Amino acid sequence: DAGVIQSPRHEVTEMGQEVTLRCKPISGHDYLFWYRQTMMRGLELLIYFNNNVPIDDSGMPEDRFSAKMPNASFSTLKIQPSEPRDSAVYFCASSRFGTAEAFFGQGTRLTVV
Amino acid sequence: ELKVEQNPLFLSMQEGKNYTIYCNYSTTSDRLYWYRQDPGKSLESLFVLLSNGAVKQEGRLMASLDTKARLSTLHITAAVHDLSATYFCAVDMYGNQFYFGTGTSLTVIP
């Protein structure tokens, strides 16, 4: 398996623009997680899905953030409108229930100017 | 609110020395994971600890879990430069909900 695949790897956008981050989890994994990593706040769990259904989105910072998982092989994290404080590395991870750890994608480095 | 705390946050050690990184967490859990992150890279799974008293070893790294004390340790033996990285512990709450510690940035000096 190719692992968790995220795109794009880097994104630079202007404040106010819409940003969409994409993730393809490992096949057969039924959990998908979105994390945000910053120097100040470390790794924050934003939202996670089980069998494509959002289970807990309490980590989503504001209504500007939304996430979807239309099928088992694809998820998006959207920020609209983006702000400079959204600049961070966004990681997607997936896991299979009962078999332990989450596997991480390479991350998307988002810069909002 | 779940808290996962690591110490130290920064660790600079000489090659050949031993040291331990500590991970304390504030809620009941019997699943704990250790990850490694190199600068600008993703997180790589190192150890999976699934029960009280679990001990796992890989090379110069050994991880253990004490669920009663809510404490996990990552012990480094005879450090080498290649171990320089940031190490995270993560606690699994409610099954498959991973909360990460603050991270320990390790630098091994020749």
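Quick notes on this structure:
- Matching residues, the range A:1-25, being among the aliphatic types (A, V, I, L, M), assigned to a loop (DSSP other than H, G, I, E, B), at pLDDT 95 or above and farther than 13 Å from A:Phe91 by Cα: A:Met15
- Check on A:Arg85, basic (Lys, Arg), open to solvent by 30 Å² or more (accessible area, probe 1.4 Å), modelled with pLDDT under 95 and over 15 Å from the mean Cα position of the chain (by Cα): no
- Residue match in the range A:57-79 (condition: open to solvent by less than 40 Å² (accessible area, probe 1.4 Å) and on the phi > 0 side of the Ramachandran plot): no
Residues checked against (1) at pLDDT below 95; (2) in contact with a strand residue (DSSP E or B) (Cβ under 6 Å, 6 or more places away or on another chain):
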residue	(1), (2)
B:Lys56	no, yes
B:Ala69	yes, no
B:His75	no, yes
B:Cys89	no, yes
B:Tyr94	yes, no
B:Gln97	yes, no
B:Phe100	yes, yes
B:Ser105	no, yes
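- Among (1) open to solvent by 30 Å² or more (accessible area, probe 1.4 Å); (2) in a strand (DSSP E or B), the one test that B:Asp82 misses: (2)
- Within the option set A:Glu44, A:Glu101, being free of Cβ contacts under 8 Å to residues at least 12 places away in the same chain, surrounded by 15 or more Cβ atoms within 10 Å (Cβ to Cβ) and closer than 22 Å to B:Gly101 by Cβ holds for one residue only, A:Glu101.
- Wholly within the range A:37-113, strands (runs of 3 or more DSSP E) carrying at least 2 residues that are within 14 Å of chain B (Cβ to nearest Cβ), more than 22 Å from B:Ser105 (Cα to Cα) and of a type outside the set (A, V, I, L, M): A:42-50, A:53-56, A:88-95
- Within the range B:75-95, restricting attention to residues that are within 16 Å of A:Leu43 (Cα to Cα) and of a type outside the set (Gly, Ala, Ser), the residue that is nearest to the other protein chains (Cβ to nearest Cβ) is B:Phe88.
- B:Ser26 touching a Leu at 6+ places or on another chain (Cβ under 7 Å), of a type in the set (Ser, Thr, Tyr) and at pLDDT below 95: yes
The values are calculated or read from the model by the stated rules, or taken from the named source; none is laboratory data. All values reported here derive from a predicted model rather than from experimental measurement. Every residue, glycine among them, receives a Cβ derived from its backbone with ideal geometry; neighbour counts consider all protein chains shown. Heavy atoms of the whole protein, side chains included, go into the accessibility calculation; ligands, DNA and RNA do not. Shrake-Rupley method; radii C 1.70, N 1.55, O 1.52, S 1.80 Å.
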